[in-house]
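The values are calculated or read from the model by the stated rules, or taken from the named source; none is laboratory data. Bear in mind that the values here come from a model prediction, so they are computed numbers and not experimental data. Cβ coordinates were reconstructed from backbone atoms using ideal geometry, including for glycine residues, and neighbour counts include every protein chain displayed. Quick note on the areas: whole protein, heavy atoms, side chains included, nothing else; ligands and nucleic acids left out. Shrake-Rupley method; radii C 1.70, N 1.55, O 1.52, S 1.80 Å.
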Amino acid sequence: MTTAAPLPQAVPLLGLGLGELEAWAISQGQPGFRGRQLHDWIYAKGARSLAEISVLPKAWRQSLAHETSGAGGDPLGRSRELRRSVASDGTTKLLLGTADGLTLETVGIPSRDRLTVCVSSQVGCPMACRFCATGKGGLQRSLAVHEIVDQVLSVREVMDRRPSHVVFMGMGEPLLTIDSVLAAIHCLCTDLGMAQRRITVSTVGVPSTLPTLAERALERLGRAQFTLAVSLHAPDQALREQLIPTAHAYPLQALLHDCRRYVEITGRRVSFEYILLGGLNDHPRQAVALAALLRGFQSHVNLIPYNPIEEEDFQRPSPERVEAFRRVLQERHGAVSVRASRGLDEDAACGQLRRRHSG
Ligand code: SAH
């Protein structure tokens, strides 16, 4: 087929907007309003397969099912749920299977007034941060738009509740796959009606990609209102390199310079994440150093007590130690929060469910 061929091969349909679905229906010899029906069933009703969309003519559904059966299955492009684990606090981790047989994790984190979905942007991750379970297995591939949006739909379906927030803090490094991350954000906002301000993209830093993210976000989304969270984890370059091997090629000052560029381009503040590893980066002296590093940078710092993973023997700091660090940072820097641990009893740390069930 030539590249000029219009949308007939535009499957998977998940990830397409209303106009694209209408164009696709028309290219299939159907009236344009079939696009509106598809949109309604894919996004509002959460259909899992074309066969379920009973408002569509049966003959059309059958011929499409026949055409696409050899090409990765149903044209909608939903993933399969392979495993589910629910913690006592309701945190629900799903292991999903892609059309090409890979597995990825997504987590629904409920509270009284929120349902946050922690989505993966890649299967695996090449960044190899030492405290991260995902990093132990390397990268398989980046996810496509439909595979990211599918995670939000899957959590909505399983938890029977509308997600209010999405954080790109599951498997993978979102800044290595900017286009699909932005296309997924576009779809979540336009087709699922989520507010961009309730979406967070978390990165450990990939050299020179932050200004690109800012510029493309403005191009693709019209405005960049999602939150950018940067995983800092250390107040100095030497310790950061110990914890994050890729930091070697991206000095802290260069990373912070790019954060400032991001703020200039988007007009949004940046948040920083700081994992607390007992005895390594949780000394009050390091809180002082962190405040000094961020001096003059209006930003929120989120402290994340380490979730133990099997492969490493880092220590989770005691609540007293976490509180002492928080207090010193708060006095000197201002906006600081501590992430409450959720679902610890069910392998809550990033990438753990998948590692446990792969082989
Ligand atoms: N690659 C991106 C997003 C995925 S990780 C990033 O690094 O930001 C999302 C967050 O979870 C990061 O802040 C990461 O440092 C943190 N994280 C990873 N493993 C963890 C663990 N074992 N305990 C606590 N936080 C962890």
Return the residues of the range 30-60 that are outside any helix (DSSP H, G or I) and either farther than 15 Å from V149 by Cα or not hydrophobic (A, V, I, L, M, F, W, C) (or both); say none if nothing qualifies. Q30, P31, G32, K45, G46, R48, S49, I53, S54, V55, L56, P57
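Which of the residues spanning the range 14-29 are assigned to a loop (DSSP other than H, G, I, E, B) and either modelled with pLDDT of 95 or more or in the same structural domain as L188 (by TED's automatic domain parsing) (or both)? Spell out how you get there, then give the answer.
Restricting attention to the range 14-29, the residues satisfying the condition of being assigned to a loop (DSSP other than H, G, I, E, B) are 14-17, 28-29.
The answer is L14, G15, L16, G17.
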When residues of the range 165-182 are limited to those that are more than 14 Å from C125 (Cβ to Cβ) and open to solvent by 20 Å² or more (accessible area, probe 1.4 Å), the one nearest to the ligand (Cβ to nearest atom): V167
Considering residues of the range 155-164 that are surrounded by fewer than 24 Cβ atoms within 10 Å (Cβ to Cβ) and either among the acidic types (D, E) or within 19 Å of R78 (Cα to Cα) (or both) only, the residue farthest from the ligand (Cβ to nearest atom): D160
Under 9 Å between Cβ atoms, which residue pairs at least 6 apart in sequence (or on different chains) link something in the range 173-199 that is not assigned by TED's automatic domain parsing to the domain that holds L13 with a partner that is among the basic types (K, R) and open to solvent by less than 50 Å² (accessible area, probe 1.4 Å)? L192/R156
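Residues in the range 283-293: is at least one modelled with pLDDT under 95 and either part of a loop (DSSP other than H, G, I, E, B) or not assigned by TED's automatic domain parsing to the domain that holds R130 (or both)?
no
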How many residues does the range 238-279 contain that are open to solvent by less than 50 Å² (accessible area, probe 1.4 Å) and without any contact (Cβ under 8 Å) to a residue 40 or more places away in the chain? 2
Which numbered condition in (1) open to solvent by 10 Å² or more (accessible area, probe 1.4 Å); (2) part of a helix (DSSP H, G or I) is the only one that I185 fails? (1)
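Does R316 satisfy the criteria of being out of contact with any helix residue (DSSP H, G or I) (no Cβ under 8 Å at 6 or more places or on another chain) and assigned by TED's automatic domain parsing to the domain that holds T134?
Working: out of contact with any helix residue (DSSP H, G or I) (no Cβ under 8 Å at 6 or more places or on another chain): yes; assigned by TED's automatic domain parsing to the domain that holds T134: yes.
Taking the combined requirement at face value, the residue satisfies it.
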Within the range 235-255, tally of residues that are under 22 Å from the mean Cα position of the chain (by Cα) and farther than 16 Å from C129 by Cα: 1
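Being within 13 Å of the ligand (Cβ to nearest atom), at pLDDT 95 or above and under 30 Å from G90 (Cβ atoms) is the requirement here; does L280 meet it? Write out each step before concluding.
Working: within 13 Å of the ligand (Cβ to nearest atom): yes; at pLDDT 95 or above: yes; under 30 Å from G90 (Cβ atoms): no.
No: the conditions fail for L280.
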Filter the range 312-328 for residues that are within 16 Å of the ligand (Cβ to nearest atom) and either surrounded by fewer than 15 Cβ atoms within 10 Å (Cβ to Cβ) or not charged (D, E, K, R) (or both) and give the result. E312, D313, F314, Q315, P317, S318, P319, V322, F325
Tell me which of these D100 doesn't satisfy, since it passes every other one: (1) surrounded by fewer than 23 Cβ atoms within 10 Å (Cβ to Cβ); (2) within 14 Å of the chain's Cα centre (by Cα). (2)
Which pairs do you get when a residue that is within 11 Å of G172 (Cα to Cα) and open to solvent by 30 Å² or more (accessible area, probe 1.4 Å), found in the range 113-140, comes within reach of a residue that is away from the ligand (no atom under 11 Å from the Cβ) and not in a strand (DSSP E or B), reach meaning Cβ atoms under 6 angstrom, with the pair 6+ apart or on two chains? A128/P245; Q140/L102
Considering every residue within the range 143-152, establish whether at least one is in contact (Cβ under 8 Å) with a residue 12 or more places away in the chain, within 16 Å of the ligand (Cβ to nearest atom), more than 11 Å from the chain's Cα centre (by Cα) and open to solvent by 20 Å² or more (accessible area, probe 1.4 Å). no
Does Q352 satisfy being at pLDDT below 95 and either open to solvent by less than 30 Å² (accessible area, probe 1.4 Å) or among the hydrophobic types (A, V, I, L, M, F, W, C) (or both)? yes
Out of (1) under 30 Å from G138 (Cβ atoms); (2) surrounded by fewer than 17 Cβ atoms within 10 Å (Cβ to Cβ), what's the single condition that is false for A44? (1)
Looking at the range 88-141, which of its residues are part of a strand (DSSP E or B), in contact with a Lys or Arg (Cβ under 6 Å, 6 or more places away or on another chain), within 16 Å of the ligand (Cβ to nearest atom) and within 16 Å of V166 (Cα to Cα)? E105, V107, I109
